[in-house]
Amino acid sequence: MDQDFYFEESNPKWVTIIIVILVIAGLGAGYYFYKEYKKQVVKVKDVTIELGSKPSEDISSYASGATDGYTLSLPDNLVNEEGNTYMVGEYSYKIKKGDSTKRGKIFVKDTTAPTVTVKEITVGVNEEFEPYEFLDSCDDLSLPCKTSYKKDSYAKLNEKAGKYDLEIVVEDKYGNKVSKDVVLNVSETESLLSLKQNDDVVVSMTPEDKDWNKTYTYKFPKAVPSDGDEYEAKFLEINSMDFSSKFDKKITNQYSITTYNKYGYAIGISVKLFFEDNTTQYLTESDLKEEN
């Protein structure tokens, strides 16, 4: 009887089942302890941040594991005065606890398309025009904005008078693009050049001067390209003049303001003088003629 009982208890089928159960339990316990171990191991991450955004100051954004007691240190050159990332690139950060220091990488990338406003333009028949002339403004952190036609054939629309709908593509330095619908008027009586030259409405100035009283030291007969020879020659001529003999008080500083229309053409130049008694004065065209 005892021998029969022994063989029954030692049935290979039950032994196999028990071994399988023990193996599964062992694997489960091992996996559990492995997961618990991994939770304790601190690992830094590679972090990607959008250009112009504020980096997180939460250490969990940069490291996983048991980070209690660790302090996060971001690079000083990562953000500007407003606390926003301002330059695309790779940066290094570190987390530290006692003598333990771990370092990770931050990648600042620009994946945002420019914010663009456009305007309708008018050109003469067969007058050349460029895609950028449809731009009213382009706001982006990765300038300059590059403008192109959706279709190359748009460049030949100036061959016949009429009103045309076309599409331009504006992209920033890193290839982020936005498309805009624009309108082109081809006229038999007007030209884009004449519009640029005859527009004397000031939309910007360099340098910015909120106190400017619309006094011109020299106003061009017609607005001129700000990168052209005529503007450069007049600007250099005015800035080489000495106006000290015109006043009985000492001039401590002076600079020239250039005003521009919406086409970026220079309308005129205004000289601003600063005196030792903390007063200022904008020179008139009469002052310039007297000096000459």
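Worth pointing out:
- For the chain, size of Cβ-based charge dipole, Lys and Arg +1, Asp and Glu -1, in debye: 900
- Calculated P(r) of region 33-120 - Cα pairs past 22 Å, %: 38
- Structure remark: mean-square fluctuation, Gaussian network model of the chain, C-alpha springs under 10 Å; the largest value among T279, T16, T215 belongs to T16.
- Using a cut-off of 26 Å between Cα atoms, the listed pairs K119/K222; K102/K177; K109/K177 include K102/K177 as exceeding that distance.
- Region 158-196: GluC sites (Glu not before Pro) in DSSP loop, at most 10 other beta carbons within 10 Å: E188
- Hits among aspartates and glutamates - C-alpha to C-alpha of K163 under 18 Å, sequence gap 8 or more where chains match: E120, E127, E128, E130, E133, D152, D181, E188, E190
- Placing R0 at 35 angstrom, the Cβ-Cβ distance between E50 and N213 gives a FRET efficiency of 0.25 after rounding to 0.05.
- Percent RCO, i.e. relative contact order, over the chain, from Cα pairs under 8 Å lying at least 6 residues apart: 12
- Taking all C-alpha pairs of the chain, those more than 32 Å from each other amount to 61 percent.
- Residue of K45, K156, K246 that the Gaussian network model of the chain assigns the largest fluctuation, springs spanning Cα pairs under 10 Å: K246
- When each of K54/K210; K214/K234; K210/K272; K210/K262 is checked by Cα-Cα distance, pairs over 22 Å: K54/K210
- Average silhouette area of region 200-291, convex hull of alpha-carbon atoms, in square nanometres: 5.8
Read-outs: derived from the displayed coordinates by stated rules, not from any lab. Computed from a predicted structure; not experimentally measured. Note that each Cβ is placed from the backbone with ideal geometry, even for glycine, and that neighbours are counted across all protein chains shown.
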